[in-house]
C-alpha cells in the first residue's frame, strides 16, 4: 500500500473510540460485599493511539473508579490476505517510543468492529485469531449492510454488537453441543460448534441452517424451526442440528422478535473457546 494512502484509510476505518465488547467482572471485596468491573477503551485519531484499562464500580461500566492510560503511536503497514477467512488484513504497529508491538488487524467497512491479533515475536502475525476485538462506540448497527465480528460463548446482542454474558440478555451465542439435544450419527457433545438463540425457549431452537449461501441470497425466513429434543416424537427424529459449517448462513430469531442472518467466515474449531468469525445482517 502506498504511504500516501495510509492516513485516509486510518481516518475512515480506524479513527474513533473502540470498546472491548463486554463489561467484564473484575474483583470481589468481601468486606464491603462489592465488586469491580473492567473494560478496555481504545481511542484512535490518525496516528495517535490511546489505550485505557478502566475499572468501574458498576456492572454497566459507567461509573469510573480508575484508569491505567497509555499514550502510544500507531503506524499502518502492508495489507495482506488472511489465511482461512480471505479477509484483507492490515499490519498495525503500536509503539510507546521504546518498544513496538505488531498486530494484524481488520476494521469492518461500516466501521463497527475492529479485530486485532497480537504477536509476542517481533514480526506481524499472518492471520487473525478470535480473541481480541473491539466495538465502535456509538457505531451504526442499522440493517443497512453486513457487520463482521467475533461471536463467542458469552453471546451478543446483534442490534448493538455488545456482548451480554447472561443467557437471557443476548440474542445468540456459540456452544459446544447441539441446541436441540439431537445429533447427527457419529457426532456428540464437543465435536463441533453450534449457535444457540432464544435460550429460554423450551420447544424450539431458533436457529435455522440455510445452507451454503451469501447473506444476499437469503431473503426469507425459514418455514419451520428445529424442535428441541424434549418435544421430539417417535415419528419426528429429524431435528438433529449439524455443527456450524464455514460458508453456511443461519437465520436466528432475536430476543425482540426480529430476525438476523449470520454467515460463518472461518472454519469453526471446537478447541478455540467456540469463537467464530461471522458476518451478520439484521432482517
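Taking residue 121, is it touching a helix residue (DSSP H, G or I) at 6+ places or on another chain (Cβ under 8 Å), part of a loop (DSSP other than H, G, I, E, B), surrounded by fewer than 17 Cβ atoms within 10 Å (Cβ to Cβ) and at pLDDT below 75?
No, not satisfied.
Out of 76, 72, report the one residue that is in contact (Cβ under 8 Å) with a residue 40 or more places away in the chain and more than 21 Å from the chain's Cα centre (by Cα).
Numbers: 72 fails: in contact (Cβ under 8 Å) with a residue 40 or more places away in the chain.
Every option except 76 fails the conditions.
Are any of the residues in the range 36-48 touching a strand residue (DSSP E or B) at 6+ places or on another chain (Cβ under 7 Å), free of Cβ contacts under 8 Å to residues at least 12 places away in the same chain and farther than 18 Å from residue 114 by Cβ?
Checked against the condition, which is being touching a strand residue (DSSP E or B) at 6+ places or on another chain (Cβ under 7 Å), free of Cβ contacts under 8 Å to residues at least 12 places away in the same chain and farther than 18 Å from residue 114 by Cβ, the range 36-48 yields no hits at all.
Please go through the range 23-50 and give me each residue that is closer than 30 Å to residue 97 by Cβ and over 20 Å from the mean Cα position of the chain (by Cα), ordered by number.
Residues satisfying the conditions are 26, 44, 45, 46, 47, 48, 49, 50.
The values are calculated or read from the model by the stated rules, or taken from the named source; none is laboratory data. Because the structure is predicted, anything quoted here is derived from the model rather than measured. Using ideal geometry, Cβ is built from the backbone for each residue, glycine included, and neighbour counts are taken over all protein chains shown.
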